[in-house]
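Single-structure report; data block below.
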Amino acid sequence: MSDSTPAAPLVLDVWCELQCPDCHRALSDVQALRARYGDRLEVRLRHFPLEKHKHAYAAAQAAEEAAAQGRGRPYVEAVLARCGDLDRSGEPLLIEVARELGLDAEEMDTALIDGRHMLIVDADQAEGKAIGVTGTPTYVIGGERLDGGKSQDGLRERIEEIADRLLAEGTDRG
């Protein structure tokens, strides 16, 4: 057996809501973290639709359908970039973004109607509530929860500190 097997990547869970302006602002931090750490950091979007945003639940389901069609991350980024439009336009915007990205828009519409991804969204939200998530974005890395809903100031740096420490510890364990 070889010790050269690559370690599993460090996981950063990002509890997000696609109608949330703070999540849109946090997108550049998430992209910078992906760029800095590459394959050593797995960034996982976790759904936490807030009741105050009436299209957030549908947007979470649409993101899951986009992932099922192989374009989850580009879809999430495109919807977040238009979160203000989502507030005004609702589900038609979700279908429009799918079409713009070359997804099967008819299948997207069907998924929103039949609710095939509701259980994933509900499970994410329940897990978030269980660990104390109350707003978005919220980050969890190495068991530490960081709330970005109040302020994004210094959060990326804090995530980098934690990631650097955990990755160094992982390297030391060999």
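The values are calculated or read from the model by the stated rules, or taken from the named source; none is laboratory data. Treat the numbers as computed from the prediction; the structure is a model and nothing was measured. Heads up, the Cβs are rebuilt from the backbone with ideal geometry, glycines too, and the neighbour counts pull from every protein chain shown. Remember, those area values only see protein heavy atoms, side chains included, never the ligands or the DNA or RNA. Shrake-Rupley method; radii C 1.70, N 1.55, O 1.52, S 1.80 Å.
Only one of GLY70, GLY128 is at pLDDT 95 or above and in contact with a Phe, Trp or Tyr (Cβ under 6 Å, 6 or more places away or on another chain). Can you tell me which?
Unique residue meeting the criteria: GLY128.
Sort out which residues of the stretch 123-134 are in contact with a helix residue (DSSP H, G or I) (Cβ under 9 Å, 6 or more places away or on another chain) and surrounded by fewer than 16 Cβ atoms within 10 Å (Cβ to Cβ), and write them in order of number.
Listed by number, the list holds a single entry, THR134.
Name the single residue that is farthest from the chain's Cα centre (by Cα) among those in the stretch 135-167 being surrounded by 15 or more Cβ atoms within 10 Å (Cβ to Cβ) and of a type in the set (Gly, Ala, Ser).
Of everything passing the filter in the stretch 135-167, ALA163 is farthest from the chain's Cα centre (by Cα).
Listed here are the residues, each with its yes/no results for (1) open to solvent by 30 Å² or more (accessible area, probe 1.4 Å); (2) closer than 19 Å to LEU12 by Cβ; (3) outside any helix (DSSP H, G or I).
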residue: HIS24; (1), (2), (3): yes, yes, no
residue: SER28; (1), (2), (3): yes, yes, no
residue: LEU33; (1), (2), (3): no, yes, no
residue: ASP39; (1), (2), (3): yes, yes, no
residue: GLU42; (1), (2), (3): yes, yes, yes
residue: GLU65; (1), (2), (3): no, no, no
residue: ARG73; (1), (2), (3): yes, yes, no
residue: VAL76; (1), (2), (3): no, yes, no
residue: VAL79; (1), (2), (3): no, no, no
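Give me the pairs, please: first residue somewhere in the stretch 8-37 and over 26 Å from LYS54 (Cα atoms), second residue anywhere and of a type in the set (Phe, Trp, Tyr) and in a helix (DSSP H, G or I), beta-carbon distance under 9 Å, and either six or more positions apart or on two chains.
As it stands, the answer is PRO9/TYR37; LEU10/TYR37; LEU12/TYR37, since those pairs meet every condition given.
Specify the residue that is surrounded by the fewest Cβ atoms within 10 Å (Cβ to Cβ); the eligible residues are those in the stretch 99-122 that are touching a residue at least 40 places away in the same chain (Cβ under 8 Å), not in a loop (DSSP other than H, G, I, E, B) and not charged (D, E, K, R).
MET118
Taking GLU96, is it over 11 Å from GLN19 (Cβ atoms), in contact (Cβ under 8 Å) with a residue 24 or more places away in the chain and not hydrophobic (A, V, I, L, M, F, W, C)?
no
Starting from the stretch 71-92, keep only residues that are farther than 17 Å from LYS54 by Cα, then list their pairs with residues that are open to solvent by 20 Å² or more (accessible area, probe 1.4 Å) and of a type in the set (D, E, K, R) whose Cβ atoms are within a distance under 8 Å, requiring at least 6 positions of separation or different chains.
Hits for this filter: GLY72/GLU64; ALA78/GLU100.
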